[in-house]
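The values are calculated or read from the model by the stated rules, or taken from the named source; none is laboratory data. What you see is a predicted model; the values in this text were computed from it and never measured. Methodologically, a virtual Cβ is constructed for each residue, glycine included, from the backbone with ideal geometry; neighbour enumeration extends over all protein chains shown. SASA here: full protein model, heavy atoms, side chains in, ligands and nucleic acids out. Shrake-Rupley method; radii C 1.70, N 1.55, O 1.52, S 1.80 Å.
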Amino acid sequence: MDEPINSRNIIYIVATPIGNLEDITLRALNILRNVDFIICEDTRVTKILLDHYNIHKKLIVANAFNEANQINKIITEIKSGKSCALVSDAGTPLISDPGTKLINEAIKNNISIIPVPGPSALIAALSISGFPSSSFVFEGFLPQKKGRQKKLMELAEEERTIVLYESTYRIVKLLEEIKQYMPLRKIAVARELTKKFEEVWRGTADEILDSIKTKTVKGEFVVVLAPKDFK
Ligand code: SAM
């Protein structure tokens, strides 16, 4: 059954696939089909999803580079009675993704923020890690320079499961740091979840580096670290 799309004063926060285009809810598709416009990070990425489902919609770009400049335009459009959805390049918007400023401005303007839940790489990786998940710490991307060492030292003492995001360029560096700061820590490294080259490595950072370094490893990664004393 189609959900009626309220046309006024709403931003739907719509989760989209993290790789496999089939990982999208019926409700998300219904909303994307029925809103007046979609706010996205990169039109090329969002068009791949929309084309796959034959959805043709006006796109407005709001990303890390232009979000501040786009806010007034978007709020004005919504207040004029238009409905909209916010998506990111992958997964759940606002989870290590832009949009915080926009959402806060929308809240100030009495615009309702409605979640349309779905995939997130963080939950997908945590769910297959085998580590306790009733309480965990999500750190997203570690700071690249300032504060990185301090954060790694803090994480070495963390008694909960830890989830980190990492890119192709720094995955080996991150594993080398985990090896240095937490040599015995059990970890799970999930690459390209839901995609063709999905792969999961389990062991210590040292053991995983051995297998990762023997090949050219590309893609997107989630690194899940077991709690400090996990056996
Ligand atoms: N909002 C997204 C979410 O809900 O997962 C995360 C966006 S963040 C900018 C992108 C990072 O998420 C990537 O660098 C990677 O660490 C992780 N990621 C996204 N898709 C992934 C996938 N299919 N497999 C593994 N990690 C992924």
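Across the chain, the mean sequence separation of Cα contacts (distance under 8 Å, 6 or more residues apart), normalised by length, yields a relative contact order of 21 percent.
Assuming charge only on the beta carbon of Lys and Arg (+1) and of Asp and Glu (-1), the dipole of the chain about its Cα centre is about 420 debye to the nearest 20.
Roughly what % of DSSP beta bridges within the chain run antiparallel, to the nearest 5? Of all bridge pairs located within the chain, approximately 45 percent are antiparallel. At the listed q of 0.10 Å⁻¹, the Debye profile of the range 74-189, built from one uniform point per Cα, gives log10 I(q)/I(0) equal to -0.43.
Considering only alpha-carbon pairs that sit under 8 angstrom and 6 or more positions apart, the relative contact order computed for the range 121-225 is 33 percent.
On the chain, 52 percent of the accessible area sits on carbon and sulfur atoms, based on a 1.4 Å probe. Kirkwood analysis of the Cα pair distances in the range 1-122 returns a hydrodynamic radius of 14.1 Å.
For the range 1-159, lysine pairs with C-alpha atoms less than 22 angstrom apart, excluding pairs fewer than eight positions apart on the same chain, total 18. With R₀ fixed at 25 Å, the C-beta to C-beta distance from Phe138 to Lys108 puts the FRET efficiency at about 0.40. Short to long, the 5 Å bins of the Cα pair-distance histogram for the chain hold 1, 6, 13, 16, 16, 13, 12, 10, 7, 4, 1, 0 percent of all pairs. Listed values for the range 113-129 are Karplus-derived 3J(HN,Hα) couplings in whole Hz (6.51 cos²θ - 1.76 cosθ + 1.60, θ = phi - 60°), namely 10, 10, x, 10, x, x, x, 8, 4, 4, 6, 4, 5, 4, 5, 9, 6, and x replaces Gly and Pro.
Here Lys231 is the anchor, and the aspartates and glutamates within straight C-alpha reach of less than 18 Å, apart from those fewer than 8 places off in the same chain, are Glu157, Glu158, Glu159, Asp206, Glu207. Remark: the range 84-91, residue by residue, has Karplus-estimated 3J(HN,Hα) of 8, 10, 9, 10, 10, 4, 7, x Hz, where x stands for each Gly or Pro and the curve is 6.51 cos²θ - 1.76 cosθ + 1.60 at θ = phi - 60°. Within the range 10-116, DSSP assigns beta bridges of which about 5% are antiparallel (rounded to the nearest 5). Does the range 121-225 come out rounded, prolate or oblate, given a ≥ b ≥ c as the square roots of the eigenvalues of its C-alpha gyration tensor, rounded meaning a/c under 1.5 and, failing that, prolate meaning a/b above b/c? Judged from the Cα gyration tensor, the range 121-225 comes out rounded (a/c under 1.5). A simple packing score, the average count of other Cβ atoms within 10 Å per residue, orders the peptides 61-68, 112-119, 222-229 as 222-229, 112-119, 61-68, with the highest score first. Under 20 Å of direct C-alpha separation, and excluding same-chain neighbours fewer than eight residues apart, Lys215 reaches these lysines: Lys173, Lys179, Lys195, Lys196.
Here the relative contact order of the range 50-176, from alpha carbon pairs under 8 Å that lie six or more residues apart, stands at 19 percent.
For the chain, the solvent-accessible area of protein heavy atoms averages 53 Å² per residue (probe radius 1.4 Å; ligands and nucleic acids excluded).
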